[in-house]
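Read-outs: derived from the displayed coordinates by stated rules, not from any lab. Predicted model only: the values in this text are computed from it and were never measured. Positions of Cβ are backbone-derived with ideal geometry, glycine not excepted, and every protein chain shown enters the neighbour counts.
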Amino acid sequence: MDTPLIAVEGTYEEMGAEVGHRTADLVERSVETYLRRFRDKSGLSSADVLRWGQTFLDVARAYDPSIAAMLAGLAAGAGQPVEHIAALNARTELLDGTGYHDDGCTALAVLPKYTRDGHTLLAQNWDWHPEQGAVTFLLATRDPEGFAVLTLAEAGMLAKSGLNSAGLGVCANRLQSDRDQAGAGVPYHFLLRGVLQSDRMSRAHRKVLDVPRVSSGNLLIADAGGEAIDLEVAPGAFGALLPRDGLLTHANHFEAELPLEDMKAARSGLTLLRPERVRHLLEDAAAERAVGLEHVVAALRDHYSFPDGVCRHLDPDAGPAEECHTVYSVVMDLDARELAIAGAPPCARPYERWALEEVFKPDAAPELCFDPAADDGRRPPAW
């Protein structure tokens, strides 16, 4: 498997401990990487990181006890200070103001009335530092009540883009505004896990909107019930976007009218065009009510304005600190509770498809699909 899978079951503390134990070496590398970034980019001392980690651990306890329990278990299992694990999950907040601006992400959803199979589709390319690919994996959790989550996760962290057994999924896009500040609000990656812990759309909204926030971010949420919504959030403000002609797309700038200054729109690579580029690539199939997963994959592999397109490649003119590419590409069928994932670069790698009901089996293995090496020049094979 190109993408490791860590599947655990039990209470949230037990699951965290098992994840920490099984990924201890990766967690150590991730902690070292982000402690260096916190120091070099944000000027945070070791004592500062421990203090902020404790602050965000207290936030987790108030926001969602299951998240706090997983953090504590993960730290114990990995042999790390719990404050460092909490700080990892607040890395967006601790890196704000560093001057790093060229991360990206392109996300999309297709409503079931516009898909060939009548299923809700959700997908994303995650663009970030190349070194994080080696410490990122698929995390599957199932609690004693049978509620399951399958999500991409950096080592030591609990969520990114993923889906759950209720048929609800989320994709993440980094945003930045002049409202972002230090403080004891709910970190962005806690919000992502909060959505994935939700058993219905209304609860997911409350986990994102009805909480204090100290940073900006975007969450594209969709479900097997056939709806999708994009939530742009910032400290003290939020906006919502709904699908047009069956499609909902987003990148790294604010699109809703909000009382803030967008700090990324002018700087983040091609963000102003990536959402419309994806829409252009999908709109004909959507008009025919025939969007298939092969159309979504083709859009995620698009190279318009190379190397800064939807499928992001390393820019040879960028310095080491500014290196950014598509680390992982994720495609989800929310009705089937299936997730397919491809590493860097997704234009040249097959996707590995996982069914949520299969990942907890001892002999679980993914099915390869959309393999460029097997393509004869026509569109990628459907699932």
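Only helices enter this figure: runs of n ≥ 4 DSSP H residues, each worth -39500 (n - 2.57), summed and divided by the residues of the chain, yield -9000 deg cm²/dmol at 222 nm to the nearest 500.
Taking a ≥ b ≥ c as the square roots of the Cα gyration tensor eigenvalues, with a/c under 1.5 meaning rounded and otherwise prolate when a/b beats b/c, else oblate, which class fits segment 227-350? Cα axes put segment 227-350 in the oblate bin. By definition, a body whose alpha carbon gyration tensor gives a ≥ b ≥ c is oblate when a/c is 1.5 or more and a/b is not larger than b/c, and segment 284-383 fits this oblate description.
Bridging of Lys41 to lysines at a Cα separation below 20 Å is possible for Lys264, once same-chain residues fewer than 8 apart are set aside. Considering only Leu314, Leu74, Leu219, the Gaussian network model of the chain with Cα springs below 10 Å gives its largest mean-square fluctuation to Leu314. GNM remark for the chain: springs join alpha carbons under 10 Å apart, and the peak mean-square fluctuation among Ala47, Ala86, Ala17 falls on Ala47.
Ranked by the mean number of other Cβ atoms within 10 Å per residue, highest first, peptides 247-257, 280-290 order as 247-257, 280-290. Given +1 at the Cβ of Lys and Arg, -1 at the Cβ of Asp and Glu and no other charges, the dipole of segment 258-360 around its Cα centre is 100 debye to the nearest 20.
What separates the Cα centres of segment 118-180 and segment 1-67 is a distance of 15 Å. Neighbour counting of Cβ atoms within 10 Å sorts the residues His119, His189, fewest neighbours leading, into His119, His189. Remark: Leu191, Leu5 ranked as Leu5, Leu191, counting other beta-carbon atoms within 10 Å and listing the fewest first.
Beta carbons within 10 angstrom, averaged per residue: use that to sort the peptides 356-363, 340-347, highest first.
Put in order of decreasing packing, that is 340-347, 356-363.
Within the listed set Pro350, Pro316, Pro81, the Gaussian network model of the chain (springs between alpha-carbon atoms below 10 Å) gives the highest mean-square fluctuation for Pro316. Residue-wise HN-Hα couplings along segment 170-181, as the Karplus relation 6.51 cos²θ - 1.76 cosθ + 1.60 with θ = phi - 60° gives them from phi, are 9, 10, 10, 9, 6, 10, 8, 9, 6, 7, 4, 7 Hz; Gly and Pro carry x.
Each Lys or Arg adds one and each Asp or Glu takes one away; over the other residues whose Cβ falls under 11 Å from the Cβ of Thr115, this sums to -1.
Among rounded, prolate and oblate, which fits segment 1-92 when a ≥ b ≥ c are the square roots of the eigenvalues of its C-alpha gyration tensor, a/c under 1.5 means rounded, and a/b larger than b/c means prolate? Could you put the intermediate results ahead of the total?
Working: a/c = 2.23, a/b = 1.29, b/c = 1.73.
Oblate shape, in that a/c is at least 1.5 and b/c is the bigger or equal ratio.
Mean sequence separation of contacting Cα pairs (under 8 Å, at least six apart), scaled by the length of the chain, corresponds to a relative contact order of 18 percent. Look at where the Cα atoms of segment 207-264 and of segment 330-345 average out, and the two centres are 21 Å apart. Going from the fewest other Cβ atoms within 10 Å to the most, the residues Lys160, Lys41, Lys113 appear in the order Lys113, Lys41, Lys160.
What the phi angles of segment 248-253 give under the Karplus curve with 6.51, -1.76 and 1.60, with θ = phi - 60°, is a coupling list of 9, 10, 7, 10, 10, 9 Hz, glycine and proline written as x.
Provide the three semi-axes, in whole Å and in decreasing order, of the ellipsoid equivalent to the chain as defined by the square roots of 5 times the Cα gyration tensor eigenvalues.
Those come to 29, 24, 21 Å.
Cross-link partners for Lys207 among the lysines, with Cα-Cα distance under 23 Å and sequence neighbours closer than 8 places in the same chain left out: Lys160. Computed from backbone phi with θ = phi - 60° and the Karplus coefficients 6.51, -1.76 and 1.60, the 3J(HN,Hα) list for segment 123-139 is 7, 6, 9, 9, 9, 6, 4, x, 5, 6, x, 6, 10, 10, 8, 8, 10 Hz; x is used for glycine and proline. Considering segment 60-209, its Cα convex hull presents a mean projected area of 10.5 nm².
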